[in-house]
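The values are calculated or read from the model by the stated rules, or taken from the named source; none is laboratory data. Note that the structure is a prediction, hence the values are computed from the model and not measured. Neighbour counts run over all protein chains shown; Cβ positions are idealised from the backbone, glycine included.
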2 protein chains.
Amino acid sequence: MTPSSSSAKRQHVVDTAYALFKRNGFHATGVDRIIAEADIAKMTMYRHFPAKEELIVAVLQHRARRFERQLDRLMAEEATPRQKIATILDWHERWFRDSDFHGCLFAHALAEFGDPGHPVFQAVSRQKNGLRLRMQAILEGAMPRAQAQDAATALLMLIEGATLMAQMGEVDAAIGNARKAAAAILAGAGCLPGASNLQ
Amino acid sequence: MTPSSSSAKRQHVVDTAYALFKRNGFHATGVDRIIAEADIAKMTMYRHFPAKEELIVAVLQHRARRFERQLDRLMAEEATPRQKIATILDWHERWFRDSDFHGCLFAHALAEFGDPGHPVFQAVSRQKNGLRLRMQAILEGAMPRAQAQDAATALLMLIEGATLMAQMGEVDAAIGNARKAAAAILAGAGCLPGASNLQ
DNA sequence: TAGAAAAGAGACAGACCTGTCTCATCACAC
DNA sequence: GTGTGATGAGACAGGTCTGTCTCTTTTCTA
């Protein structure tokens, strides 16, 4: 029988795999390495995840949910669209400055699983779309729908690019200019007074 | 003896490896697959590239040089900073719409070789910095140095994010909003009249 | 406390990985 | 034509990969 999908062991495997994947990549991280680091038997892993690919998807889903929960909590404390977008950028700055920051695991997954039909690709797609739609919903509180959609797309691209630059060691330039550019984009959208406070 | 580094065979290996790396990733592409696809002997490859890692670096360098040459040629035909930036965005749109587009090989390399000391990481860093410095030099023809630097960083992040979105299937939204956001960023820098023509 | 579910331990299979080696063959320059 | 460097073909080593299997032990619950 498949163990319960909320088992503590299962979560331990996911956490261990996450740490290894983000540091060394997906293909470069072998199952043997994961079970050694997690200090579990190989069969325990394979009973929870019949294939490595399913473990990868589970890791991505877990990180996506965690991210969503964190933003949900932070967003609840902010009143205006401007503050909410600023808070999202703040979250990213804290992430970039984390000593264990290694870039975006979702972007990395896209690099290694480039087939649009692959479950990993789709998990990445869902996460990125989730953030885009979250920002779009926020911005709809300050501008028409069409403009909110465009601005959210631009902000997402900016954030993804900033994450890449941060991984290349340019954290200060990345986050600083992301804030500045976000302000310019929102000012360009024309409907968000006070947007320059993002900087 | 090591064969001449400008051999036709060597270039054939680089081209074949490029096609495989971009479709399947670096770790997932085995040496056996490369030599089979290139239809050469394994020793031929290993005489030109003593290790797979050196082949990867050679592929990245070749693509970076090719990119630089293309932009050099295109830039020579444009007069104003605004036109030059627009041409860089046009180049990216054509790339995104290529039927064999699979995202940015350099970003993918960063995903698989995340150690900043690794030669692959450094090759990626050089390429991204090259594009950023190119845009900075262009913008210095229209604004003060400090602003050009910031705007170039913002444009680079935007382009990287757009490349990611394009890989996720959203080519139209990516390039359209990248142009719009680039115009807003340049307008925000305040020194590039007519920047809205980017759209 | 008895029974069921979960986990541990480790051998094993079969494929694939990078990289080495040998020896035959080819092409081209002098 | 002869010699030299480049290439071809393929066996080979030694390691790693994912995934399977069996048997034992633990853990939890009813």
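I'm checking my understanding of the structure. Among residues of the range B:17-33 that are within 12 Å of DNA strand D (Cβ to nearest atom) and more than 14 Å from every other protein chain (Cβ to nearest Cβ), which one is nearest to B:Gly103 (Cα to Cα)?
B:Val31
Please tell me if A:Ala181 is within 13 Å of the chain's Cα centre (by Cα), among the small types (Gly, Ala, Ser) and closer than 20 Å to B:Asp150 by Cβ.
no
Specify the residue that is surrounded by the most Cβ atoms within 10 Å (Cβ to Cβ); the eligible residues are those in the range B:133-155 that are touching a helix residue (DSSP H, G or I) at 6+ places or on another chain (Cβ under 6 Å) and part of a loop (DSSP other than H, G, I, E, B).
B:Ala142
Inspect the range A:49-67 for any residue being on the phi < 0 side of the Ramachandran plot, more than 9 Å from DNA strand D (Cβ to nearest atom) and within 14 Å of chain B (Cβ to nearest Cβ) and give the result as yes or no.
Taking every residue of the range A:49-67 in turn, at least one turns out to be on the phi < 0 side of the Ramachandran plot, more than 9 Å from DNA strand D (Cβ to nearest atom) and within 14 Å of chain B (Cβ to nearest Cβ).
(1) within 13 Å of DNA strand D (Cβ to nearest atom); (2) in the same structural domain as A:Gly169 (by TED's automatic domain parsing); (3) surrounded by fewer than 21 Cβ atoms within 10 Å (Cβ to Cβ): which one isn't true of A:Glu112, the others all being true?
A:Glu112 satisfies every listed condition except (3).
Here are the criteria: (1) at the interface with chain A (Cβ under 9 Å from one of its Cβ atoms); (2) assigned to a helix (DSSP H, G or I); (3) under 13 Å from the mean Cα position of the chain (by Cα). Tell me which single one B:Gly103 does not satisfy.
(2)
Provide a single number: the residues in the range B:53-69 that are within 13 Å of B:Leu105 (Cβ to Cβ), touching a residue at least 60 places away in the same chain (Cβ under 8 Å) and surrounded by fewer than 16 Cβ atoms within 10 Å (Cβ to Cβ).
Residues flagged as within 13 Å of B:Leu105 (Cβ to Cβ), touching a residue at least 60 places away in the same chain (Cβ under 8 Å) and surrounded by fewer than 16 Cβ atoms within 10 Å (Cβ to Cβ) within the range B:53-69 amount to 1.
Among the residues in the range A:92-99, are any more than 16 Å from DNA strand C (Cβ to nearest atom) and not in a helix (DSSP H, G or I)?
yes
Filter the range A:20-52 for residues that are in a helix (DSSP H, G or I) and touching a residue at least 40 places away in the same chain (Cβ under 8 Å); which is farthest from DNA strand C (Cβ to nearest atom)?
A:Lys22
I need a count of the residues in the range A:4-44 that are surrounded by 13 or more Cβ atoms within 10 Å (Cβ to Cβ) and among the hydroxyl-bearing types (Ser, Thr, Tyr).
5
Just to be sure before I move on: is B:Ala79 more than 14 Å from every other protein chain (Cβ to nearest Cβ), assigned to a loop (DSSP other than H, G, I, E, B) and either at positive phi or more than 10 Å from DNA strand C (Cβ to nearest atom) (or both) in the structure I sent?
Answer is yes for this residue.
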